[in-house]
Structures are given as structure tokens and as C-alpha cells.
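What follows is calculated from the coordinates using simple rules that are stated; it is not laboratory data. Quick caveat: nothing in here was measured; it's all calculated off a predicted structure. We place every Cβ from the backbone using ideal geometry, glycine too, and count neighbours over all the protein chains shown.
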Amino acid sequence: MEELLYQIKNWVWSAPLLFLLLGTGLYLTIILKGMQFRYLWFAIKQVFSPKHEGAKGDISHFEALMTSLAGAIGTGNIVGVTTGIALGGMGAIFWMWITALLSMATKYAESLLAVKYRVMDKRGEMIGGPMEYIERGLKWKWMAVLFALLGSVAAVGTGNLIQVNSISEAVSATLHINPWITGIILAFVTGAVIIGGVKSIGHVAGVLVPLMAAFYIIGGVIIILFHLPDVPGALLLIVKSAFNGQAAFGGFAGASVMMALQTGVMRSVLTNEAGLGISSIAAAAAITDSPGRQAMITMTGALLSTLIVCTITGLVVAVTGSQGVVGADGIAISGASLVIDAFNSTITGGGYIVSIG
């Protein structure tokens, strides 16, 4: 089964999808005249702007952004990055950067359409996202249904199974709690939030996501400051590996340029969901008077999740020399275990920062 899934992954994430994701981001960047760079500061200020007169929706700008980031900050930025490094080498981080910069335009477009074509359901809550704008904008009912089905599979797979696996692995490594117990507790806590609907999800995400992001970022920055002389070398390694590949060493099997590119694009989508479309569902619930305003706010998520948090994770792994470290089974560690090893190497009890994050 594992080998079959590995083959399917390689087939899905082959050249055509890489071209579509990067090509769409580049195309939108060109026709929007680089708006993700020109309006970035304005977009950041809008995150904290008050509700405008005549605005409609269920949750604030900030809560909508935090809801869209909730699935990425933590699992995607910690586990996604380290598994990417384990597969594609440090060069994967460079391609994550490039994909994220282009993908900001993709996130803008997704969110703009989500707000423009949103509708109110029987409970008086706003609903929107790709399934709505594909059906109402393109008039492709069959494609809207297909997206909803595949989006649900993605939400369970990358949005649920990877997350609970990563959390239980981290908690087991630091607190030695059985993964089953962690899973049951998470199921009840998550269920209690989801039952309250989008407003409940938004309120909880608006509190938890900034706290866990700040907690993890501060811990990562402290480690980087401890190893400040090694940072230039780490950045040089990231750039060189992106174009030359990275040779095998320790428990690291080595990676080609194509593997770095493939893994970088794949992990970028995991960390900011640009091109996936699911995060725009949260944008559709935002209290806003303008689709463009909310789209710019959602766009900043790629900056925070990929260009800031992922970079911190990558630099922590690089400067602590944790890449290629092997576990008791003789296999190179990856995922949450790799970040825990990196944090523990510099900060006493650093693994707890990773587990909480």
C-alpha cells in the first residue's frame, strides 16, 4: 500500500501539475501587474482594519485569515517543511519561496471569486468557495460537484490525517502519551468547535493561531540567533541546492534538482493551500464590503505561513545540523521528530515548543 501511494504521489506531482501551479501563479502575477508586491503593505494593514459600513459576513477579516491559516501553521510549516527537506534537500525551501511568491496572486484570485460568488444559506451564514464560483460563475455544475467531492477527500487526508498524525507523533515524542489518547482528545475538542459553525471556528482560530504562530516563531528565532554565524552558509546551501541538487551524507539519501523543485512546490501548496482552493471557503465567510479587500487580506497568508514560518523551520534544521540525523532504527528522522531534534539541540525542552506549536 505504501509503495502504491508513493507511485500515485509521483504521478500526481509530475511535470504537468507543477507547470499548472507555477504557470497559473506567474500568469496571474503578470495580468495583475505584480499586485501581491505593490499592495502588500496595504493588505497587511487591512488585516486589522475595522468593519466597514455595509459589510456583510459572519467573521472578521482577521478571523477569516486565521481560519484559512489554521490548517497550515503548525503541521504544514513544521512537518511539511521537514519532510520536504528529507526528500528534496535544502533546495526544496528555495522552490517553496518562489512558489509562495507567485501563489500569492493565486490566493488573491481564489478569495476574490469566493467572496464575489458567495451566497447565504438557510441558517443565515455565508457559504462560498470554488464549488460556488465554479457553479455560479462558470456554470459548470459537474465540475463544482467534482471539486466538492475531491475537496472533501483532501480535507480528510491532508487536512486531518496528516495533522493528527503529526500532533500525536510530537506529543508521543515529548510527553510519551499514547497516540490513540491524543487522537481521541483532539476529536472531541475539534468536534466541540466545529459544531458551533463558522463563527465558532473563526473565534477559536482567531485566538489559537496567532498564539501558536508567535510561540513557535519566537522559539525558532532564538535558536537562529544562537547560531547566527551559520545563517549565511545555510542560506547559500538552500540556493545552491535548488540548482545543483544536494549530495548524500549521513542518513540523507541525496536529492536532484527535479526532486527539490517537485518537493518545494508540493510543500508550498501544503503550507499555504494556494491552488488547492479550500482556504478561500474561509474568506467567503468574512465580514467585508469588497471582494478585492478580503482577497488581499487572504493573500497575506502565504507570506506569513510559507515565507516566514517555513523559512524559520528550514533555517533551524540547517543551522543545527539536524538534517541527515538517523534515529534508533538507522533511518534518517523527518517530520515532527526532525524539528524536535533541532529544537532540543539548542534549547532545553525545545521539543515542547514544537509539540505545542
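Taking the chain as a Gaussian network, Cα atoms linked when under 10 Å apart, which of Leu149, Leu26, Leu276 shows the biggest mean-square fluctuation? Most flexible of the set in this elastic network: Leu149. Springs between Cα atoms under 10 Å define the GNM used for the chain, and in it the highest mean-square fluctuation of Met35, Met66, Met90 occurs at Met35.
Beyond 20 Å in Cα-Cα separation lie the following of the pairs Lys116/Lys141; Lys33/Lys56; Lys107/Lys141: Lys33/Lys56; Lys107/Lys141. Under 20 Å from a label point 7 Å along Cα→Cβ of Leu138: give me every residue in the stretch 29-60 with its amide N that close. Taking a point 7 Å out along Cα→Cβ of Leu138, the residues of the stretch 29-60 whose backbone N falls under 20 Å are 29-32. Dividing the convex hull volume of the alpha carbon atoms of the stretch 74-127 by its residue count gives 99 Å³ per residue. Each of the chymotrypsin sites (Phe, Trp or Tyr not before Pro) that DSSP puts in a loop and that has at most 14 other Cβ atoms within 10 Å breaks the chain; the longest unbroken stretch is 141-357.
Convex hull volume per residue, computed on the Cα atoms of the stretch 14-356, equals 139 Å³. For a modelled paramagnetic label at Phe226, 7 Å from Cα along Cα-to-Cβ, the residues of the stretch 306-321 in reach, with backbone nitrogen under 17 Å, are 312-321. Inter-part distance, the stretch 1-80 to the stretch 333-357, computed on C-alpha centroids, equals 26 Å. Among the trypsin sites (Lys or Arg not before Pro) found in the stretch 88-179, those both in a DSSP coil and sparsely packed, with 14 or fewer other Cβ atoms within 10 Å of their Cβ, are Lys122, Arg123, Lys139. Near Gly137, once Lys and Arg are set to +1 and Asp and Glu to -1 for all other residues with Cβ below 15 Å from its Cβ, the sum equals +2. Backbone N atoms of the stretch 1-36 closer than 18 Å to the 7 Å Cα→Cβ label point of Asn160 are not found in any residue. I need the calculated FRET efficiency for the pair Arg38 and Met1, taking r as the beta carbon distance and R₀ as 45 Å, to the nearest 0.05. The formula returns an efficiency of 0.40 here.
Computed about the Cα centre, the dipole magnitude for the stretch 14-356 is approximately 900 debye when only Lys and Arg (+1) and Asp and Glu (-1) carry charge, each at its Cβ.
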